[in-house]
Structures are given as C-alpha cells and as structure tokens.
1. Pairs needed: first member in the stretch 56-72, over 15 Å from LEU40 (Cα atoms) and within 11 Å of the ligand (Cβ to nearest atom); second member anywhere, of a type in the set (A, V, I, L, M, F, W, C) and open to solvent by less than 10 Å² (accessible area, probe 1.4 Å); C-beta distance under 7 Å; at least 6 residues apart or different chains.
2. For the stretch 90-127, give me the residue count where each residue is over 22 Å from LEU76 (Cβ atoms) and small (Gly, Ala, Ser).
3. Check whether at least one residue in the stretch 117-136 is assigned to a loop (DSSP other than H, G, I, E, B), among the hydroxyl-bearing types (Ser, Thr, Tyr) and modelled with pLDDT of 95 or more, and report yes or no.
4. Any idea which residue in the stretch 121-137 is nearest to the chain's Cα centre (by Cα), counting only those that are more than 15 Å from the ligand (Cβ to nearest atom) and open to solvent by 10 Å² or more (accessible area, probe 1.4 Å)?
5. Restricting attention to the stretch 17-42, and to residues there that are open to solvent by less than 10 Å² (accessible area, probe 1.4 Å) and assigned to a loop (DSSP other than H, G, I, E, B), which single residue is nearest to the ligand (Cβ to nearest atom)?
6. List the number of the failed condition for ASP236; all other conditions in (1) under 18 Å from the mean Cα position of the chain (by Cα); (2) assigned to a loop (DSSP other than H, G, I, E, B) hold.
7. Quick one: how many residues across the stretch 195-216 are away from the ligand (no atom under 15 Å from the Cβ) and either at positive phi or buried (at least 23 other Cβ atoms within 10 Å of the Cβ) (or both)?
8. Give me a count of the residues in the stretch 148-186 that are outside any loop (DSSP other than H, G, I, E, B) and within 19 Å of the chain's Cα centre (by Cα).
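The values are calculated or read from the model by the stated rules, or taken from the named source; none is laboratory data. The model shown is predicted, which means the values in this text are computed figures rather than measured ones. As a convention, Cβ positions derive from the backbone with ideal geometry for all residues, glycine included, and neighbour counts pool all protein chains shown. To get the accessible areas, we keep the full protein, side chains included, count just its heavy atoms, and leave off ligands, DNA and RNA. Shrake-Rupley method; radii C 1.70, N 1.55, O 1.52, S 1.80 Å.
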Amino acid sequence: MSDQQPAPYGGVRAITERRKRVRIHHLQDMKDRGEKWAMLTSYDMYTAAIFDAAGIPVLLVGDSASNNVFGNETTLPVTVDELIPLVRAVTRSAQHSLVIADLPFGSYQASAEQCFHTAVRFMKEANAHAVKIEGGEGIAPQVELLSRAGIPVMVHIGFTPQSEHSLGGYRVQGRVGGAQKLISTAKILEAAGAFAVLIEMVPGDVAAEVTSQLTIPTVGIGAGSGCDAQVLVWQDLAGLRTGNLPRFVKQYADLHSVLTQAAVDFAGDVARGSFPGLQHAF
Ligand code: KIV
C-alpha cells in the first residue's frame, strides 16, 4: 500500500503498525482526512518509548523542560546545550513518533541565520526530525530559511511563553479584535513554509477559525476542540504536577500519589529492615 492511500483503520495506527516513522506528510494526510491526532511532550528515554509504543504520533521536546525538568520558574533560562541531550534521548528511544525540538529563548529570534544554525545543531547533534519556534509574522524569514534548507518547522502562536514578560503573564490571546490578527499571522507563517501551527491559549472559536482557514494542521493547547490536534505536557497529563493547574490541563493519571506512596513504602521497608529481602541479596 502506498503512503498516499487512506489508512484502513486510522492513520497513526496504520503507520505505527507498519513500523514506519511518522512523517510530516502523514500529519497533513490526517488533516485532509479529518482525523485528529495527539502530541505529548517528552524529555527522556522512558516516556519517549512509552508514548511511542502508545501510538502518539508526535513528541515535542519542549522548552517546557525548563520548568518540568530543570526546575526553573519559566521557559526562559533553558539553553540549547541543556536541551540537546534531552532531544537525543528522545530520538534514540522513539521508533515511530516524529520528534520535534523546541528552540529555546534567544536561540533564533535575532535572525534567520541564527535560527538556521540553532536548528542545524538540533538536527545534527540530536537527530531531531523537525523544530518549533514561537512568534508572529516577524519569524516568517526564519520559517522561510529553514523550509528552504529542508528543516520542517512548526510555529507557535497565540500565547507564546518565551514572551511572557512582554505579554504581561499567562493570558488568553486573540480575545478582542485579535482573531483577524491571529488568522493573518497563521496564514503568513503557512505561506512561509511552516508544516503546522501550534495555537496556545486562545478562544476556541478563534482557533477553530484559524484551523478552517489553513491548509496545514493546527495543534491546540488551551485552544478548544476545533484544532486538528491537541498537545499536553506529559507531567500534566500524568498528574505529576500538583497545585494550581492551567484550566486546559486534564489529568489522566495520578502519578504524584503513586510515586509518593512508592517512596513512603520503600523508606518504611528500609526502616523496618524488610528491604532488601533474601531474594534481593547476593
Ligand atoms: O514547550 C512546550 O511544552 C510547549 C507546549 C505548548 C506544549 O510548547
């Protein structure tokens, strides 16, 4: 069966069961067929292998590693040198998923050339399959150069965490009169060569309108159900993060409780002398 034909039982299953790598044209095919797909962040070998085996077609090594791996308050401090080993671990461990490397703050905004050199590092040193960059129409030259160079690029619009200080914190974007602006930004970036648009924290009707006006897929986070795909940070999905969570998070598990209990049980067993048992000793 050629890749161009409709999959018999859903694009991603068909791709992964044939043990193929998900490619950007598969994502486009899914949009064309009206099939929605899921994307998750991943920053290490175990989650990469688990999500890959679960059939998640796209893994994002997000700059959210800054908050979720390195313990920073925001995404701003994380560096290219810190992210490259994480991307390498994920690409080594995911057999089918398309792996996208997020370019961190300060590594691509200065010029298209700076963006190109950073993207090339992620492709050469970490085997990334695509990159993601944040911004509005000002990043069109970056998108154009990368696309011309054969580097697939996803753009991130709406609320862009790397600009949180200029946006005045975590705020929904595109509410009043912003819809037209968001649509025209998305169209400019599509014309520049982006293969997908991630839309963060915008009203659902605005994201749905962007989705219907674009040929390429949209990926939503806090952008309603009208996008072609949805993304979550894996620690949010798994319930590892506690405290105040953004409204767009749905927790599908309670790993925080599971891990806490495991640690408490281990400490108790050690204190009582019941671990290690004979079966654990040499
Ligand atoms: O870095 C990240 O985790 C993101 C999210 C919006 C998915 O870009």
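1. Taking only residues 6 or more apart or on different chains, the pairs are SER66/VAL78.
2. The total comes to 3.
3. The answer is no, given that none of the residues of the stretch 117-136 is assigned to a loop (DSSP other than H, G, I, E, B), among the hydroxyl-bearing types (Ser, Thr, Tyr) and modelled with pLDDT of 95 or more.
4. Our first condition is that a residue be more than 15 Å from the ligand (Cβ to nearest atom); within the stretch 121-137, this holds for 121, 123-127, 129, 136-137.
Still in the list and also open to solvent by 10 Å² or more (accessible area, probe 1.4 Å): 121, 123-125, 127, 129, 136-137.
Details: ARG121: 19, MET123: 16, LYS124: 20, GLU125: 19, ASN127: 16, HIS129: 13, GLY136: 18, GLU137: 21 Å.
Among those that are more than 15 Å from the ligand (Cβ to nearest atom) and open to solvent by 10 Å² or more (accessible area, probe 1.4 Å), it is HIS129.
5. Only one residue fits best here, namely SER42.
6. Evaluating ASP236 over (1) under 18 Å from the mean Cα position of the chain (by Cα); (2) assigned to a loop (DSSP other than H, G, I, E, B) leaves (2) as the failure.
7. Of the stretch 195-216, the ones away from the ligand (no atom under 15 Å from the Cβ) are 195, 203-206, 208-216.
Of the ones still in play, those that are also either at positive phi or buried (at least 23 other Cβ atoms within 10 Å of the Cβ) (or both) are 206, 210-211.
Residues in the stretch 195-216 being away from the ligand (no atom under 15 Å from the Cβ) and either at positive phi or buried (at least 23 other Cβ atoms within 10 Å of the Cβ) (or both): 3 in total.
8. Of all residues in the stretch 148-186, those outside any loop (DSSP other than H, G, I, E, B) come to 148, 153-158, 161-167, 178-186.
If we keep only those that are within 19 Å of the chain's Cα centre (by Cα) as well, we get 153-158, 161-164, 186.
The total comes to 11.
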